[in-house]
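For reference, the structure discussed in these notes is given below.
The values are calculated or read from the model by the stated rules, or taken from the named source; none is laboratory data. Model, not experiment: these values are computed from the prediction. We work out accessible area using only protein heavy atoms, side chains counted, and drop any ligands, DNA or RNA first. Shrake-Rupley method; radii C 1.70, N 1.55, O 1.52, S 1.80 Å.
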Amino acid sequence: MSDDPAVWRERRRDAAQEKARAMDELRRADSAIAARAIAEFVAEASRRGLEPEPLRARGYDGRSTYRTPLRGWYLRKNRSVAVGTDGLFYVLSAPGGLTARLRGVSPEPSDPPRVLGAGGRDGESIDITDALALVLDQVPPRAEPNG
């Protein structure tokens, strides 16, 4: 093992880069799992006749809400995240202001996390599949026609 500080810094940098790559790979894999769950949810919601609703984005101040062109289903009671009828995941927050109040806002889709609220306070995180199931539980499955 070398005592050279330059060698030590290079090894630290390489280790940090490798850890960042591994974490990014894990995030992408988790997002792919969540995206599949969302696609299944949208299909099942449609099959059950679970009506989407107009989605609104909350301003950064936490008080104001703004129209969006989106329709879908909220995944959290605070209405901060939702799944659109397009099968994409949205974080519903916006900078707000007069223009947003007059014209509305158009949130961009985000890569869905596998756990909503991960890293938040205790009791505020939920696996996305559980959150989707809670939304589906609002409408019972339709009876299959006898054929």
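I need the phi-derived Karplus couplings for segment 21-29: 6.51 cos²θ - 1.76 cosθ + 1.60, θ = phi - 60°, integer Hz, Gly and Pro marked x. Once rounded to whole Hz, the list reads 4, 5, 5, 5, 5, 5, 4, 5, 5. Ligands, DNA and RNA left out, the accessible area of the chain computed with a 1.4 Å probe is 52% carbon and sulfur. The mean sequence distance of close C-alpha pairs (under 8 Å, at least 6 residues apart), as a share of the length of the chain, puts its relative contact order at 22 percent.
Summarised in one figure, the compactness ratio Rg/Rh of segment 9-58, Cα atoms and Kirkwood Rh, is 1.34. Per-residue surface analysis assigns PHE41 an accessible area of about 10 Å², computed on protein heavy atoms at 1.4 Å probe radius. Here, segment 18-147 yields an orientationally averaged convex hull projection of 10.2 nm² when only Cα atoms define the hull.
With the Cα gyration tensor of segment 25-92 giving a ≥ b ≥ c as the square roots of its eigenvalues, does the rule (a/c under 1.5 for rounded; else a/b larger than b/c for prolate; else oblate) give rounded, prolate or oblate? Because a/c hits 1.5 or more and a/b fails to exceed b/c, segment 25-92 counts as oblate.
Derived scalar couplings between HN and Hα for segment 44-60 equal 5, 4, 5, 4, 7, x, 6, 6, x, 10, x, 9, 10, 9, 8, x, 4 Hz in order, rounded to whole Hz, by the Karplus curve 6.51 cos²θ - 1.76 cosθ + 1.60 (θ = phi - 60°), x for Gly and Pro. Taking amide H atoms as placed 1.01 Å from N in the peptide plane, the amide H of THR65 lies under 5 Å from those of GLY59, each 5 or more residues away in sequence or on another chain.
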